[in-house]
Amino acid sequence: MSKVKRVFGAGSFTKQGRGFNTAQEVSQVLGILKENEIDELDTARIYGEGTSEELLGEAAEFETSSF
């Protein structure tokens with residue numbers, strides 16, 4: 001049986017006061033995802049009006065090479 005592919009939607013990463021809105025919070029979420037073998041992120045410039053990808057960049061101190 002093949003493994004089900006799991007992808008995390010990063011729309012909840014935003015600096016707009018809802019969801020995960022600091023680099024530290026995003027880093028913690030990425031750690032949880034990695035622990036649970038979720039290694040793909042769905043992100044887009046429109047998520048959080050561009051701040052989703054911004055926060056991912058700021059959380060770069062976390063090892064993201066597996067994403």
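One table, with the values for the structure above:
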{"item": "Tally, over segment 1-53, of residues that are assigned to a loop (DSSP other than H, G, I, E, B) and surrounded by 13 or more Cβ atoms within 10 Å (Cβ to Cβ)", "result": "8"}
{"item": "Hey, residue 60 more than 14 Å from residue 8 (Cβ to Cβ), out of contact with any helix residue (DSSP H, G or I) (no Cβ under 6 Å at 6 or more places or on another chain) and modelled with pLDDT under 95 or not", "result": "yes"}
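The values are calculated or read from the model by the stated rules, or taken from the named source; none is laboratory data. Everything numeric in this text was worked out from a predicted model, so none of it was measured. Backbone-built Cβ (ideal geometry, glycine too); neighbour counts: all protein chains shown.
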